[in-house]
Structure formats: structure tokens, C-alpha cells
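*Asks:* First the structure, which I've put down as C-alpha cells, then a few questions once you've had a look.
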Amino acid sequence: MLDLGRLRALHAVAVHGSVGAAATALGYTPSAVSQQIAKLERETRTTLLERSGRGVRLTDEANQLADTARKLLILVEEAEVRLEERRDRPAGRLAIGCFASAARGLMPRALAELAGLHPELDARLSEVEPHLSVDLVARGVLDLAVAHDWDIAPLPAPPGVEQAVIGDDLCDLLVHRDHPLAARGPVRREELAAERWIAQPPGTVCHDWLVRTLRATGYEPLIVHRAEENHTQVALVAAGLGIALVPRLGRGALPPEVVPVRLDPVPTRRLYAVWRTGAARRPAIRETVRTLRELWPAITAAG
């Protein structure tokens, strides 16, 4: 009899591409995942992982077993959904993925409320880039994701995945207090051609939105500093090293050296809750989505 926990570990390695990434997703240590795979190799008398450079790769037999594991985990999820549905209350483990600013500005309050109302629910949060989280939901690695998109970069919706709007997050242009734009009213994007920008790294949704939007006005943005964290971008603006476009969610209070300026039109990103269609009946999913949507007005008012 194959152990489901060990199959889950193998499936996670297949999905994430490494033992370390699988361990992070499962909430284990890399050593624990390696031990699970080693036990599965002994049980099946089959080599499942082979060294490849500094990492590992799955053998053909491992890929076949990982696909079987995926199908078994879907059946297990269906059984868990039915049981939770019969109890008619949120329970069990709920793996949630969320991008950084929502993990900071939205999820602590949401998770605390869920824990207080539903002690049988074991919600666990992982910080995940929005362009990755939807795929992880579709693959069954995450139960629920909080993701976002922009007007020119819609959120992809693969088959078998449902979504609900949580709310809209407004963005401000941040400038140093001595910058000429600090005393201005609404600023149009066409006026920013000569500016030095601070942005997220290439490949992120926010970076791609900034570049595509400013190119549409007829110029290539001069990005001089790249930082993943919004707080780092704010610090660079405070030092007078450029301007940045930063969403309000999770931004926190600005230092006295930084002034928010409204752009016309106002850049907006939309937040979504995303889950698998097969889990839509699960009370834990329904309650989490309801909590996120009900909290959003208070979160935006506080921001």
C-alpha cells in the first residue's frame, strides 16, 4: 500500500521542480521531504529522483507515479469536500497563496477573523507571486489564492478554476517632497517622460504594467532602480533617487520625505479570490471568500 503523504511529497516536487520549493509549499523542511521520497523509493523499489547539476530531476517512473498521485489527491479532495459539506462548517487545512502586499495589508486581519470564528479551520498562508498562484491553485497545490491584475494585463483563468472579485486597489505616484510634481494636482502619464523610475523587477505584473502603459504614451520609461518590496521603493523615493508607482494596499504610512500624487487616470489593480471548481462547495472556501470581500471596504478605508 502506497503512503498518501509520500505521494503528496513526490507530487509537490514534480509541481515545484525542486525538493526545497516542495518543502516550502508543504510547510516541511527539505530534509523531511527527502526522507519521504527515500521511503517511497524503498516501498516501490524504484529510483524516483536523480541528481541533475545542483538539483534533482524526476525519472520517467517518478513522473508516472506523480501523475497518479495528482489523481489520488483530487479524489481525496472530493471526499474531504463532501465531509466538510455534510458538517456545514469550515474545517480542515486550507492552503492559501497571496502576493506580498496583500499578505501584509489584507491577510493578517482576515486570518485572525477566520481563526476566531472557525477554530476547526487550519488556514495556512504562503507568499506567492500572483502570476504563479493561479496555476498552483489549478494544480491542486493551493486551495485558494489571492491574486491581482491590471487593466492591460487580465488575470488568466485556466479551466477548472473559479474567481470572485475582492475589490480594487488604487495606486499613487510617489515623489520626493522637493520634486516639482509634489505640489501639483492630478498628473497625466504623458508628463512623466523625463523621470527616473523605481520599479519592481522585470517579469512581475507591476513592472510589466508600468512599462506597457508608459510605452503607450510614446516613450520608454527610464527605470534606474529595481526592488521587489514596496517598502524598499518608498525608501528609495525618500532618498530622492526617483519616482515610483505604488499601490496603497499594504503600503503603510509614508515617511515625511515622500508625497503621494494622483495620476489621471488613476492606476487601479483588481484583487481576486481564486479556487478550484471542484472545491467550490467547501464551506472553508465560501467562508474565506466572504470574509475577504466583507473586510475589503474597511481595509481600503484604513489605507
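The values are calculated or read from the model by the stated rules, or taken from the named source; none is laboratory data. Since this is a predicted model, take the numbers as computed values, not measurements. Note that we place each Cβ from the backbone using ideal geometry, even for glycine, and neighbour counts take in every protein chain shown. Please note that ligands, DNA and RNA were not included when accessible areas were found on the heavy atoms of the full protein model with its side chains. Shrake-Rupley method; radii C 1.70, N 1.55, O 1.52, S 1.80 Å.
*Asks:* For the range 201-233, name all the residues that are of a type in the set (A, V, I, L, M, F, W, C) and more than 18 Å from residue 101 (Cα to Cα).
*Replies:* Answer for the range 201-233, where residues must be of a type in the set (A, V, I, L, M, F, W, C) and more than 18 Å from residue 101 (Cα to Cα): 211, 214, 216, 222, 223, 224.
*Asks:* Is there a residue being in a strand (DSSP E or B) and open to solvent by 20 Å² or more (accessible area, probe 1.4 Å) anywhere in the range 129-147?
*Replies:* No, the range 129-147 contains no residue that is in a strand (DSSP E or B) and open to solvent by 20 Å² or more (accessible area, probe 1.4 Å).
*Asks:* Pairs needed: first member in the range 292-303, farther than 12 Å from residue 166 by Cα; second member anywhere, surrounded by 10 or more Cβ atoms within 10 Å (Cβ to Cβ); C-beta distance under 6 Å; at least 6 residues apart or different chains.
*Replies:* 303/248
*Asks:* In addition: With respect to the numbered conditions (1) surrounded by fewer than 16 Cβ atoms within 10 Å (Cβ to Cβ); (2) of a type in the set (A, V, I, L, M); (3) more than 27 Å from residue 146 (Cβ to Cβ), which one is the sole condition not fulfilled by residue 266?
*Replies:* For residue 266, the failing item is (3).
*Asks:* While we're on this one: If you scan the range 226-267, which residues turn out to be touching a Ser or Thr at 6+ places or on another chain (Cβ under 8 Å) and among the small types (Gly, Ala, Ser)?
*Replies:* Listed by number, the list holds a single entry, 250.
*Asks:* Considering only residues that are open to solvent by 20 Å² or more (accessible area, probe 1.4 Å), under 14 Å from residue 273 (Cα atoms) and of a type in the set (A, V, I, L, M), which ones fall in the range 162-182?
*Replies:* Residue satisfying the conditions is 165 alone.
*Asks:* If you scan the range 58-72, which residues turn out to be of a type outside the set (A, V, I, L, M, F, W, C) and either at pLDDT 90 or above or under 10 Å from residue 14 (Cβ atoms) (or both)?
*Replies:* Passing the criteria: 59, 60, 61, 63, 64, 67, 68, 70.
*Asks:* Let me ask another. Can you name the residue in the range 183-223 that is more than 26 Å from residue 147 (Cα to Cα) and in contact (Cβ under 8 Å) with a residue 60 or more places away in the chain and, of all such residues, is least open to solvent (accessible area, probe 1.4 Å)?
*Replies:* Among them, the one singled out is 187.
*Asks:* Of all residues in the range 20-48 being in contact with a Ser or Thr (Cβ under 7 Å, 6 or more places away or on another chain) and modelled with pLDDT of 90 or more, which is nearest to residue 160 (Cα to Cα)?
*Replies:* The extreme case among them is 48.
*Asks:* Considering only the range 112-128, how many residues are open to solvent by less than 30 Å² (accessible area, probe 1.4 Å) and closer than 23 Å to residue 297 by Cα?
*Replies:* Going through the range 112-128 one residue at a time, the tally reaches 1.
*Asks:* Could you check the range 78-111 and list, in sequence order, the residues that are of a type in the set (Asp, Glu), in contact with a strand residue (DSSP E or B) (Cβ under 8 Å, 6 or more places away or on another chain) and open to solvent by 30 Å² or more (accessible area, probe 1.4 Å)?
*Replies:* The answer is 80, and nothing else.
*Asks:* Out of 208, 178, report the one residue that is assigned to a helix (DSSP H, G or I), over 22 Å from residue 300 (Cβ atoms) and acidic (Asp, Glu).
*Replies:* Exactly one of 208, 178 is assigned to a helix (DSSP H, G or I), over 22 Å from residue 300 (Cβ atoms) and acidic (Asp, Glu), namely 208.
*Asks:* Which residue, of 213, 268, 217, is at pLDDT below 95 and over 26 Å from residue 165 (Cβ atoms)?
*Replies:* Unique residue meeting the criteria: 217.
*Asks:* Mind listing whichever residues of the range 246-293 are within 20 Å of the chain's Cα centre (by Cα) and charged (D, E, K, R)?
*Replies:* Across the range 246-293, the qualifying residues are 248, 251, 269, 270, 276, 286, 287, 290, 293.
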